[in-house]
Amino acid sequence: MSVELPFELQPGERTPAPGDLGLVQAFANTFWDLERGRPERLRSPSTLAAWLRRRALIGPGVRLDETDLRRTLDVREGLRALLFANSGADPDRGAIARLNAGLRGASVTARLHAAAKPEFVAPNHGLDGALGLLAARIAVAQLEGRFGRLKACPGPECGWAFYDHSRNLAGTWCSMSICGARVKARYYRQRRRRPTGA
């Protein structure tokens, strides 16, 4: 099953995550709060199905329900917990446990070739296959050491998943001109409010 990636805007004109991590990044970014409006893109089973269909992760006839939506959101929030941990936050063990519980039943198979790279294939075109493909991409990236570059911005009201392209993994913000500037301005205001000579 080939996975298609629609173009996704990035804060500060960042370059999206390369290759298979682009899908993982897009999934994590179905929720973020950069504009403080708490935009949840997966609001209903139908919006979840549309998102997955657009990326060829489920078949055209697959119907999802509220249980599928809750399961998917648990997986996504666990993924976001991993990305915040990549940014230096303490791991949210409860969210990661719900992630792994949500992946129970998710499945992929490996397809091997003589002259091409192996590929993961979903044995069915439902939610189990979609979550299995996402989990396989995350697991391979973790094993290869690439996953640590996918981070969640620690800026207040943000959480945007971004790929740290820096050589030394020093990227902190989704955009220095947005979240970095907000945090610097907040620290500046706090310092100015402190009484002097106390």
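The values are calculated or read from the model by the stated rules, or taken from the named source; none is laboratory data. All figures in this text were calculated on a predicted structure; none of them were measured in a lab. Don't worry about glycine lacking a Cβ; one is built from the backbone with ideal geometry, like all the others, and counts go over all protein chains shown.
Residue by residue, here is whether (1) modelled with pLDDT of 95 or more; (2) farther than 16 Å from LEU150 by Cα; (3) touching a strand residue (DSSP E or B) at 6+ places or on another chain (Cβ under 7 Å) holds:
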site: GLU4; (1), (2), (3): no, yes, no
site: PRO16; (1), (2), (3): no, no, yes
site: GLY19; (1), (2), (3): no, no, no
site: GLY22; (1), (2), (3): no, no, no
site: THR30; (1), (2), (3): no, no, no
site: LEU34; (1), (2), (3): no, yes, no
site: SER46; (1), (2), (3): yes, yes, no
site: ALA49; (1), (2), (3): yes, yes, no
site: LEU52; (1), (2), (3): yes, yes, no
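Say we look at region 120-138 and pick out the residues that are more than 13 Å from LEU64 (Cβ to Cβ) and of a type in the set (A, V, I, L, M); which of these is surrounded by the most Cβ atoms within 10 Å (Cβ to Cβ)?
Filtering region 120-138 down to residues more than 13 Å from LEU64 (Cβ to Cβ) leaves 120-124, 132-138.
From what is left, the residues that are of a type in the set (A, V, I, L, M) are 121-122, 133-136, 138.
On the way: VAL121: 15, ALA122: 23, LEU133: 24, LEU134: 26, ALA135: 21, ALA136: 20, ILE138: 22.
Ranking the qualifying residues of region 120-138, first place goes to LEU134.
Being of a type outside the set (A, V, I, L, M, F, W, C) and touching a strand residue (DSSP E or B) at 6+ places or on another chain (Cβ under 7 Å) is the filter here; which residues of region 80-96 pass it? So that I can check it myself, show each step before the final result.
From region 80-96, those of a type outside the set (A, V, I, L, M, F, W, C) are 80, 86-88, 90-94; that's our starting set.
If the condition is that a residue be of a type outside the set (A, V, I, L, M, F, W, C) and touching a strand residue (DSSP E or B) at 6+ places or on another chain (Cβ under 7 Å), then ARG80, ASN86, SER87 are the ones that fit.
Can you pull out every residue in region 106-150 that is among the charged types (D, E, K, R) and in contact with a Phe, Trp or Tyr (Cβ under 6 Å, 6 or more places away or on another chain)? I'd like the intermediate steps shown before the answer.
Within region 106-150, the subset among the charged types (D, E, K, R) is 111, 117, 119, 128, 137, 144, 146, 149.
Correct list: ARG149 only.
Inspect all residues belonging to region 67-75 and state whether any of them is of a type in the set (S, T, N, Q), at negative phi and without any contact (Cβ under 8 Å) to a residue 12 or more places away in the chain. Outline the logic, then answer.
Let us first name the residues in region 67-75 that are of a type in the set (S, T, N, Q), namely 67, 72.
Still in the list and also at negative phi: 67, 72.
If we keep only those that are without any contact (Cβ under 8 Å) to a residue 12 or more places away in the chain as well, we get 67.
Within region 67-75 (the criterion being of a type in the set (S, T, N, Q), at negative phi and without any contact (Cβ under 8 Å) to a residue 12 or more places away in the chain), the answer is yes, since at least one residue qualifies.
Just a yes or no: is a residue in region 59-69 farther than 16 Å from LEU134 by Cβ, in a helix (DSSP H, G or I), at pLDDT 95 or above and of a type in the set (S, T, N, Q)?
For region 59-69, residues farther than 16 Å from LEU134 by Cβ, in a helix (DSSP H, G or I), at pLDDT 95 or above and of a type in the set (S, T, N, Q): present.
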